[in-house]
Amino acid sequence: MAKSPKRKDYLKDYKQGESGKYEYSGKSYIYDGTREERKKAYAAVIITAVLLTASVIGSGTIDAAGMVNTFYVIVPYIGEVCALFAIWWNLSKLLMEGEKVRGYIFENVNNKIQPACIIMVFFAVLGLAMSVVFQISAGFEGKMLKCILYLLLKALNAILAFLMKKYYNNLQWKVL
């Protein structure tokens, strides 16, 4: 199997310095704004991700109608959890870099966070729709309040994932 020509191309950007250690000399990105603006922008993204995590976990812990025995309600939840993991994984890679982000990390993360947010919106809306279909066909199973809370959390998941994408898109970067 042939390797992609771009695979690990970033290794050529590491040069051995005078001290003998390898130093990154490739393209880097930095937030285009003041330190305070960067802190506020990062805080908005992180707070949204934390709220999204709480909402996804909350919707998974509710014993609503259809959550125990129907795959078409459970499968969208699994999709949400996977998308949430992708969001956090890539967001943590970005945040661990500090102020200056190496180019290959930025490009990799930038290409994955936004699609993960879109996938999260898709699965949240799908889970909401499938739950409504279940409740129309089978009823609330005596759990009307739990079902309403579950549907609200699904809607909140979609809204927060959309906001996460919006806040991430608002981060302005410049090349160093």
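The values are calculated or read from the model by the stated rules, or taken from the named source; none is laboratory data. Just so we're clear, the structure is a prediction, and the values are computed from it rather than from any experiment. All Cβ positions, glycine included, derive from the backbone under ideal geometry; neighbour counts span all protein chains shown.
At a glance:
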| quantity | calculated |
| --- | --- |
| Residue list for segment 79-104, filter: among the basic types (Lys, Arg) and crowded, with 16+ Cβ neighbours inside 10 Å | Lys93, Arg102 |
| Checking Met164 against (1) farther than 24 Å from Gly33 by Cα; (2) touching a residue at least 40 places away in the same chain (Cβ under 8 Å); (3) surrounded by 20 or more Cβ atoms within 10 Å (Cβ to Cβ); (4) not aromatic (Phe, Trp, Tyr), the condition it does not meet | (1) |
| Ile118 vs. criteria at pLDDT 90 or above, β-branched (Val, Ile, Thr) and in contact with a Cys (Cβ under 7 Å, 6 or more places away or on another chain) | no |
| Extreme residue, farthest from Val81 (Cα to Cα), among residues of segment 30-58 that are touching a Lys or Arg at 6+ places or on another chain (Cβ under 6 Å) and not hydrophobic (A, V, I, L, M, F, W, C) | Asp32 |
| Tabulated pairs, segment 110-136, first farther than 12 Å from Leu84 by Cβ, second in a helix (DSSP H, G or I) and of a type in the set (Val, Ile, Thr), C-beta under 8 angstrom, 6+ apart or interchain | Gly127/Val73; Met130/Val73; Ser131/Val73; Phe134/Val73 |
| Test for Glu18: is it over 20 Å from Ala129 (Cα atoms), modelled with pLDDT under 95 and part of a loop (DSSP other than H, G, I, E, B) | yes |
| Hits in segment 105-133 - residues which are more than 18 Å from Ile78 (Cα to Cα), surrounded by fewer than 20 Cβ atoms within 10 Å (Cβ to Cβ) and not β-branched (Val, Ile, Thr) | Glu107, Asn108, Asn110, Asn111, Lys112, Gln114 |
